[in-house]
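Working notes for the structure below.
The values are calculated or read from the model by the stated rules, or taken from the named source; none is laboratory data. Computed from a predicted structure; not experimentally measured. Positions of Cβ are generated from backbone atoms using ideal geometry, with glycine treated the same way; all protein chains shown enter the neighbour counts. With ligands, DNA and RNA removed, areas are computed over all heavy atoms of the protein, side chains included. Shrake-Rupley method; radii C 1.70, N 1.55, O 1.52, S 1.80 Å.
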Amino acid sequence: MISYTVLTTTGTMLANKSVPVSAPEYICHLTNPCLWNGKTSPKLYVVVAGLIVNGATEDQIVLPFGLRNLSMESNGSVLVNGLCVPEKDLIRTLESDPFVYDDMDGDGSFACVELKELCDIAADEEDCRNLLTEYVLQNAYHPSILCWKLPEDHADFAALLRELDSTRPVLF
């Protein structure tokens, strides 16, 4: 079984459910959630997912996450919960340290993740596809990441990014 627990950052349990490993998805509905709103309100929740074997927890992961509405206007402006994020507040980054995005989530920073470096180090197209897939899947839960940015010569990977993470715009 896989056990999911959703908590506030102070430890109050909001939801808990165990599901079979054969059907590991769990959709949790929170009533009146507090939205992650950048520096105004960097509200985070925590999900604890554990692999349960014979009644004992064999493995577990603890991930903080934030909830927010993200959209992009036709002029290229990025909106978080209906408010425009000024271009000057958008940090352009590609971080290999997994704790950097955790810090950005916690302090309410906004990131546009530049994927050029990953594309540049890839040995070939398949390697690039694998690197992008791994990076996006590892970091998609961070509310501070507002968009993915591909170099123009790798625009053909935009469909892959949208498939992996349909919640964020892909820029060039």
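List of remarks:
- For region 31-86, the strands (runs of 3 or more DSSP E) that sit wholly inside it and include 3 or more residues that are out of contact with any Ser or Thr (no Cβ under 6 Å at 6 or more places or on another chain) are 45-53, 56-65, 70-72.
- Check on residue 135, at pLDDT 95 or above, under 12 Å from the mean Cα position of the chain (by Cα) and under 21 Å from residue 166 (Cα atoms): yes
- Enumeration of residues in region 65-75 that are out of contact with any His (no Cβ under 9 Å at 6 or more places or on another chain) and in contact (Cβ under 8 Å) with a residue 40 or more places away in the chain: 67, 68, 70, 72
- Among residues that are under 16 Å from the mean Cα position of the chain (by Cα), surrounded by fewer than 15 Cβ atoms within 10 Å (Cβ to Cβ) and within 21 Å of residue 40 (Cα to Cα), residue 107 is included.
- Within the option set 61, 91, being within 21 Å of residue 164 (Cα to Cα), open to solvent by 50 Å² or more (accessible area, probe 1.4 Å) and not acidic (Asp, Glu) holds for one residue only, 61.
- Selection count, region 122-157, where residues are assigned to a loop (DSSP other than H, G, I, E, B) and either open to solvent by less than 10 Å² (accessible area, probe 1.4 Å) or within 30 Å of residue 84 (Cβ to Cβ) (or both): 7
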